[in-house]
Amino acid sequence: MRNSFFKNVIKSGTLGYVYQRLIYDQENALRDLIFLDANSIFEKIVNLDRKKMVRRKASALGDETRYYLEAVKESFLEGRKSGSKKNLKYFPTTKKHYNLQHYLPRPNYLVTILVEIENINDPLLDASGRYKTMVNNMNDCLWILGTDLKLSYISPSCQKIFGYSPEEMMISSLKEIMIPESYERVVRLFEDFKSKKDQAVTIDIHHLRKDGTEVIVEHMIQLLVGEDGSVQGLMGIARDVTEWIAAKENIRKSKEQLQLILDSTAEAIFGMNLAGNCTFCNKSFLRIFGYESQEEVLTKNFKSLFYYEDEDCLQKIYRDDFRSFAEKEIFKRKDGTTFVGEYFTFPQYHNGEIVGAVVTILDITNRIEVEKELRETERSKSVLLQNLPGMAFRCKFDRDRTMQFVSDGCLELTGYPSESFINNRDLTYNDIIRPEFRKRIWDAWVEAVKENRSFRYEYPIITADGREKWVLEQGQPIYNILGEAEALEGLVIDISEQKQKQEEIEYLSFHDSLTGIYNRIYFDMQVKKYDRPKYYPLSLIVGDINGLKFLNDAMGHPEGDKIIQTTAKLLAKGLKPEHILARTGGDEFGILLPKTNLSQAHDTMVKLQNIISEYNKSISEDAYKINLALGYGTKDKPGMEFSSVYKIAEDHMYKRKLLQRESSHSSIISSITATMYAKSQETEEHAERIKALAQRLGKRLNLTQQQLDELALIAMLHDIGKVGIDEKILNKPGKLNREEWREMKKHPEIGYRIAMASPDLVSVAEYILSHHERWDGRGYPRGLKGKEIPLLARIIAITDAYDAMMMDRPYRKALSKEQALSEIRNNAGTQFDPEIAEIFVNMMEEE
């Protein structure tokens, strides 16, 4: 009875099983075999139905059985010896490896078990042992339960399922390996079996593994009855279905999720079989078609959904293998109302065959209305674009400005037909922009895109006939759903006429009407523009025409205007393109020189003076010669106010005016120096000689032009304080007494007060006060020592002393040049600055 059960287990189990008769050749070598029995697993391994195998040779059935025959031959190298052999073989049909175990229950008959990577070592001596060994090596667990509800047998695979060995299972109570509910269920089942001896059942029971975890086991149970009909117990096959049930639960959840997805879609979904009858639908279908439940729809045929009955609609779908699309179909709701929709059909497969279709239906009534409105809007837009001045466009956000749409105004604006620019067919829009503007415009668009703002830019284009037009481009970036700029849209209009008028207005606003050069307004704007570190050093030259008022009064304003115009032309002639020349007042000019240092500014000023001088040589009448005083200053660091540069340049200019006899400002000096020369033995020639010597020495000391100009002024005025000294003291033929000398030493202070009283002389007042100070500190009036004495005063002290020694005095004769230089050298370090004295002596000895 057990043997019969084992045999049934093998026939329906998970091991490959085949029973065959062996055929040998004359040399007693295995040649072929005839199949006698096999189970379903073996059918899959050789890809052949059992009925087609039984009583047929392996060599005659096909490649799979011949492959199997060769595998058996390899396992039987010892011929007809009884026993068992094992061999690991790969079978392509299942793509798995199997251990082939062979048993010879009697001569020339062979049982083969194919176990997927399992090891079987138990020998089979007879049919009963053969089936039992097969059962012991199954993945499923065989068990026999006696009438006392105790295990009388359990196969070794119980260890995989329950974690217990067969021996542990045999001595365990069912209560120990089952949860209470499951145990009670088994007891009730056993009682039911007693009354129904032919009953068999499959149930799932929750067990506790040895490690305490819970496992769900499927049991296939039938009653065990003896030959006399008495109940012997229960027999069953146990299989771990924990993962299978979990997978089944996942499938259930997946179905729920799928249903949720179907019910969440906006489209109506309608499933149908080959006859067109509904198999399922989603909630959107019920909502769109006006039904309350899926049950109402299950009786509907796809054809009944259409307002106009179309008997051929299913045939159309069948012809396209259930893959079709139709739009603007009129569908009918439950209440008889209609809507316009479109539908897609997709085939539904089962076991590789089409069993129906899934139809998605979308209500497009609103979309059609929107499309209608859009077409009307496009028509209106087209009319608007045709009548717009200029060219409307849509282009890609790229440097070429690849046009995707250009309005008809393109031809009038550019001279090119609109299709020339579409996708850069003949040229790009960027090609017609004047080259120096291309990068600026691109950078401006990039900034507009970055900041999500509108674009506006004026620039010139070159038309097809080579003419230049000024245009105004206005536009807006277009962004996609990701926030990326995908296009630019806008309008380009011709502003050439407005630009010309604007330029005329700007010219009049920023230019002097008399000279044509820039005016004060423009000049001040440029000062603000260039007063930045990137333009430093920033220099300024100022100029003032001397005697212009006299000329206007004497000769009339037209003659004065000619002088102003000529001066402007001469100044412009000596400047570079980057220099900015402006008439800043009636007789005043300003020149701004970006990136120009002090030395370069001086060179420019000298160049302008030379140009004026050359012009004056060609003029015979003195009244029409240009007498222009110039001064300059430089800003080379951010902290300095530009107004200070103006002050420096103007001070320099006014000092130079004082040195020019033709200047009306020189009247102050002329008056004072004339009085001084009349009262004392000082002469104008003496002042001129000191001036020449001081300037030569100043150049040896690398003084700036401003310092050299100041030296010239000091040379003329250093003894100006003598106008306040009694003539008797000034002209006394002998040496002065103490009182007289005390009076004489007051002249530096008197000269200082005179200079401070005149704004034009303030800058040289300190030098006048200090020109009688000594290097050793024993000078007057303040007793300054060393470099406390201003540099220019130290220079005048040496040149004045040298020229005085070279002149006759009432109380002594003039010294020779050698004697005078010897005196300078001897008094270096006491009366004179030793370094400057040495340079002066060397300079004079070189003559």
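The values are calculated or read from the model by the stated rules, or taken from the named source; none is laboratory data. Source: prediction; values computed, not measured. Positions of Cβ are backbone-derived with ideal geometry, glycine not excepted, and every protein chain shown enters the neighbour counts. Note: accessible area is taken over every heavy atom of the protein model, side chains too, but ligands, DNA and RNA are not part of it. Shrake-Rupley method; radii C 1.70, N 1.55, O 1.52, S 1.80 Å.
So is ASP494 surrounded by 12 or more Cβ atoms within 10 Å (Cβ to Cβ), under 30 Å from ASP587 (Cβ atoms), more than 31 Å from the chain's Cα centre (by Cα) and not polar (S, T, N, Q) or not? Talk me through it step by step, then tell me what you get.
Numbers: surrounded by 12 or more Cβ atoms within 10 Å (Cβ to Cβ): yes; under 30 Å from ASP587 (Cβ atoms): no; more than 31 Å from the chain's Cα centre (by Cα): yes; not polar (S, T, N, Q): yes.
The answer is no for ASP494.
What are the residues in segment 717-746 that are among the hydrophobic types (A, V, I, L, M, F, W, C) and over 22 Å from ASP808 (Cβ atoms), if any?
Step one: of segment 717-746, the residues among the hydrophobic types (A, V, I, L, M, F, W, C) are 717, 720, 723, 725, 729-730, 736, 741, 744.
LEU717, ILE720, VAL723 - these are the residues of segment 717-746 that are among the hydrophobic types (A, V, I, L, M, F, W, C) and over 22 Å from ASP808 (Cβ atoms).
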Selected residue (criterion: modelled with the lowest pLDDT) from residues of segment 318-350 that are open to solvent by less than 90 Å² (accessible area, probe 1.4 Å) and of a type in the set (Phe, Trp, Tyr)
PHE322
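Among the residues in segment 819-827, are any out of contact with any Gly (no Cβ under 8 Å at 6 or more places or on another chain), in a loop (DSSP other than H, G, I, E, B), exposed (fewer than 14 other Cβ atoms within 10 Å of the Cβ) and not small (Gly, Ala, Ser)?
Residues of segment 819-827 that are out of contact with any Gly (no Cβ under 8 Å at 6 or more places or on another chain), as a first pass: 819-827.
Add one more test, that the residue is in a loop (DSSP other than H, G, I, E, B), and what stays is 827.
Going one step further and asking which of them are exposed (fewer than 14 other Cβ atoms within 10 Å of the Cβ), we end up with none.
No, segment 819-827 has no match at all.
If I go through segment 110-168 residue by residue, how many of them are part of a helix (DSSP H, G or I), modelled with pLDDT of 65 or more and either within 17 Å of ALA38 (Cβ to Cβ) or open to solvent by 40 Å² or more (accessible area, probe 1.4 Å) (or both)? Give the steps one after another, and end with the answer.
So in segment 110-168, the residues part of a helix (DSSP H, G or I) come out as 127-136, 158-162, 166-168.
Of the ones still in play, those that are also modelled with pLDDT of 65 or more are 158-162, 166-168.
Subsequent filtering for residues that are either within 17 Å of ALA38 (Cβ to Cβ) or open to solvent by 40 Å² or more (accessible area, probe 1.4 Å) (or both) retains 159-160, 167-168.
Summing the residues that are part of a helix (DSSP H, G or I), modelled with pLDDT of 65 or more and either within 17 Å of ALA38 (Cβ to Cβ) or open to solvent by 40 Å² or more (accessible area, probe 1.4 Å) (or both) in segment 110-168 gives 4.
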Of all residues in segment 574-607 being open to solvent by less than 40 Å² (accessible area, probe 1.4 Å) and small (Gly, Ala, Ser), which is nearest to PRO638 (Cα to Cα)?
ALA601
Checking the condition in a loop (DSSP other than H, G, I, E, B), more than 19 Å from ILE824 (Cβ to Cβ), open to solvent by 10 Å² or more (accessible area, probe 1.4 Å) and out of contact with any Asp or Glu (no Cβ under 6 Å at 6 or more places or on another chain), which residue from ARG753, ARG778, ARG782, ARG774 passes?
ARG782
Being open to solvent by 40 Å² or more (accessible area, probe 1.4 Å), farther than 29 Å from LEU223 by Cα, at pLDDT 85 or above and β-branched (Val, Ile, Thr), is that true of even one residue in segment 85-93?
yes
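Given the options ILE545, ILE461, ILE521, ILE517, name the one that is of a type outside the set (S, T, N, Q) and open to solvent by 40 Å² or more (accessible area, probe 1.4 Å).
On the way: ILE545 fails: open to solvent by 40 Å² or more (accessible area, probe 1.4 Å); ILE461 fails: open to solvent by 40 Å² or more (accessible area, probe 1.4 Å); ILE517 fails: open to solvent by 40 Å² or more (accessible area, probe 1.4 Å).
Testing whether each residue is of a type outside the set (S, T, N, Q) and open to solvent by 40 Å² or more (accessible area, probe 1.4 Å) leaves just ILE521.
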Just for segment 424-458: of the residues that are surrounded by 14 or more Cβ atoms within 10 Å (Cβ to Cβ) and of a type in the set (Ser, Thr, Tyr), which one is farthest from CYS410 (Cα to Cα)?
TYR457
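Quick check on this structure: which one of TYR767, TYR780 is more than 18 Å from ALA715 (Cα to Cα), touching a helix residue (DSSP H, G or I) at 6+ places or on another chain (Cβ under 8 Å) and touching a residue at least 12 places away in the same chain (Cβ under 8 Å)?
Details: TYR767 fails: more than 18 Å from ALA715 (Cα to Cα).
Matching residue, one of TYR767, TYR780: TYR780.
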Determine whether segment 244-257 contains at least one residue that is touching a Phe, Trp or Tyr at 6+ places or on another chain (Cβ under 7 Å) and at pLDDT below 90.
no
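List the strands (runs of 3 or more DSSP E) that sit entirely inside segment 197-306 and contain at least 3 residues that are of a type in the set (Val, Ile, Thr). If you could, list the steps in order and put the result at the bottom.
Values: elements: 200-208, 214-225, 231-240, 268-273, 278-281.
It comes to 200-208, 214-225.
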Over segment 357-415, the set of residues modelled with pLDDT of 85 or more, surrounded by fewer than 17 Cβ atoms within 10 Å (Cβ to Cβ) and within 30 Å of LYS469 (Cα to Cα) is ARG394, LYS396, ASP398, ARG399, ASP400, GLN404, PHE405, ASP408, LEU411, GLU412
Scope segment 828-846; condition outside any helix (DSSP H, G or I), in contact (Cβ under 8 Å) with a residue 24 or more places away in the chain and surrounded by fewer than 16 Cβ atoms within 10 Å (Cβ to Cβ); matching residues:
GLY829, THR830
